[in-house]
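The values are calculated or read from the model by the stated rules, or taken from the named source; none is laboratory data. Keep in mind the model is a prediction, meaning the values are calculated, not measured. Note that each Cβ is placed from the backbone with ideal geometry, even for glycine, and that neighbours are counted across all protein chains shown.
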Amino acid sequence: MNGNPFTFKLTPAAFWRWGRVALAGALVFMLALVLMLAWKAPMGLLAVPVLLLAGVAVWWLVQRPLVHLCVVLGGGVAFFVQSSGVSALEVLYVLYLLGYLVGWFAYHGLISEKRILRTPADKALVLFTAYATFTLGFSVLYGADPASAIRVWLPVTIWGMYFPIKKACRLDGTKAMKALLATFALLAFVVAVRNFHMYYKGLQNAEIMGEIIMGRAKTNERALTLGTLGSLVYLLHARRVVSGILFGAMFAFFVAGVVVTRSRSIWLAALLGMAVVFVLVNRRMKARMLLAVVGGSIVVLVAGEVALDNFFGLVFDKITSRFLGIGEALTSDLSMINRFYEWQSVWEYIKVNPLLGYGPGVEFEHFNLILNATQVKTQIHNGYLQMWYQYGLVGLGLLLFTFVYNFRQGLRLLRQTATARTTRLVSLFGAASLLALALASTTESMRYDDTIVELCFPLALLAGAWQHHYHRPG
């Protein structure tokens, strides 16, 4: 610069800066050109700019591991909002998720010098996934359809998300924990909005109104349970009035979402999770929690009265009756009794081969009281029996060890007085969520969309939080 603003010296830094501008401009020009050509060409060529843009987006995400992880986690909304069947978006998401996991493990296992397996729980989870894959051979021996076996086995790959989530929390600490919690909160919010919309829309349809009020539809309720517990934990630890109002509104919103599911097991799971939070916080926060629960209940009732209008009395009566009838459901609810028959049939199979399991996709028979006929199926309405039936005591033991080990370490961290605030909140959320979902898993199967992800997420957060606290990575 010699006093003239229109002259400059082309230093290496300036060359790099202007070079990036030129490359960006060239990229925009090429994208516009390809888009124009595709617009004038047959519809099939529209895939060209889409794939090009997708490639640029993936390249950008790869340079930002935490953002990429949040996008992969948040992309789960593709099947969280899927009420039935398998959509093309769901298939694309699963393929991208598998590609992400393959790339992540390839890089960290072959290129990066930092270890992936740091604790006995990490090793147990890897052994579980390896053994579950090995049991595909058992599936063939026991006559399972290969395609069905692979479809049932596929959810096992979701446990791979444990490692990138845990590693991000261990290395990036507060930044990663907040980002991942915010991502899952957004995902749960989308699920809740979808549920409220479907519920209200169903009430407007006279043909299915009775089914909506009396029955229970699939609503991805575990995501709402985690949203309830997460917002409660942050509400209790809010330092400012604005934060308290925000998290209080979130808590009431997710509580309403849990209530609308009409799932007794989820109601009990959410109550258990809140009880765990109540036990683990100090006396001052216990008082705040009681106020939050009472206030949240009032807000939910008022909002329900306003939103449901003439339907509120009927809906409130049926939900209250269902909640008060939880104890009687064990002896009078036909669907619950039918599950007992299902569990008994599965137990007879397990006793024949308790150690190794039958592998994924192997069918079993049980008498269905609702259909009044013998039913052949692979899905079991009990996550523990399902793991035992498919993967034997070997697989079930490895998976339970992973949970118990991380849960104990999380409790140990909560007893420390020098724990950082965010680490403590994440540990409290993780411990409460694991116990809540452990209860819910007694009456639900472990499916791809609404079980494995919700179990893996708090487990990985809890593992990352306590490893970050004790090891303090540089």
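One table, with the values for the structure above:
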| item | result |
| --- | --- |
| Region 75-104 - residue that is surrounded by fewer than 14 Cβ atoms within 10 Å (Cβ to Cβ) and among the β-branched types (Val, Ile, Thr) and, of those, modelled with the lowest pLDDT | Val86 |
| Residue, modelled with the highest pLDDT, within region 263-287, restricted to residues that are over 14 Å from Ser433 (Cβ atoms) and buried (at least 16 other Cβ atoms within 10 Å of the Cβ) | Phe278 |
| Total residues in region 272-310, condition of a type in the set (A, V, I, L, M) and free of Cβ contacts under 8 Å to residues at least 24 places away in the same chain | 11 |
| Matching residues, region 115-128, being within 22 Å of Pro65 (Cα to Cα), touching a helix residue (DSSP H, G or I) at 6+ places or on another chain (Cβ under 7 Å) and in contact (Cβ under 8 Å) with a residue 12 or more places away in the chain | Ile116, Arg118 |
| Criterion (in the same structural domain as Gly361 (by TED's automatic domain parsing), surrounded by fewer than 19 Cβ atoms within 10 Å (Cβ to Cβ), in contact with a helix residue (DSSP H, G or I) (Cβ under 7 Å, 6 or more places away or on another chain) and farther than 13 Å from Glu363 by Cα) met by exactly one of Leu171, Leu154 | Leu154 |
| Residue tally, condition among the aromatic types (Phe, Trp, Tyr) and over 19 Å from Leu308 (Cβ atoms), over region 235-266 | 2 |
| Within region 269-372, helices (runs of 4 or more DSSP H) holding 2 or more residues that are under 30 Å from Ala144 (Cα atoms), in contact with a helix residue (DSSP H, G or I) (Cβ under 7 Å, 6 or more places away or on another chain) and not basic (Lys, Arg) | 334-352 |
| Condition met for Val404 (in a helix (DSSP H, G or I), under 20 Å from the mean Cα position of the chain (by Cα) and surrounded by fewer than 20 Cβ atoms within 10 Å (Cβ to Cβ)) | yes |
| Among residues of region 174-188, those that are within 20 Å of Trp104 (Cβ to Cβ) and either charged (D, E, K, R) or not assigned by TED's automatic domain parsing to the domain that holds Ala460 (or both), counted | 1 |
| Answer residue from region 117-138, given it is assigned to a helix (DSSP H, G or I) and among the hydroxyl-bearing types (Ser, Thr, Tyr) and is surrounded by the fewest Cβ atoms within 10 Å (Cβ to Cβ) among those | Thr133 |
| Ile380 assigned by TED's automatic domain parsing to the domain that holds Ala270 and over 21 Å from Asp145 (Cα atoms) | no |
| Filter result for the condition that a residue is within 30 Å of Lys351 (Cβ to Cβ) and touching a residue at least 24 places away in the same chain (Cβ under 8 Å), over Leu428, Leu461, Leu439 | Leu439 |
| Those residues of region 335-382 which are more than 27 Å from Arg322 (Cβ to Cβ) and in contact (Cβ under 8 Å) with a residue 60 or more places away in the chain, in sequence order | Leu356, Gly357, Tyr358, Gly359, Pro360, Gly361, Val362, Glu363, Thr378 |
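A quick yes/no check of all residues on (1) in contact with a Phe, Trp or Tyr (Cβ under 7 Å, 6 or more places away or on another chain); (2) at pLDDT below 80; (3) farther than 30 Å from Lys166 by Cβ; (4) not charged (D, E, K, R):
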residue: Lys40; (1), (2), (3), (4): no, yes, yes, no
residue: Pro65; (1), (2), (3), (4): no, no, no, yes
residue: Val72; (1), (2), (3), (4): yes, no, no, yes
residue: Ala106; (1), (2), (3), (4): no, no, no, yes
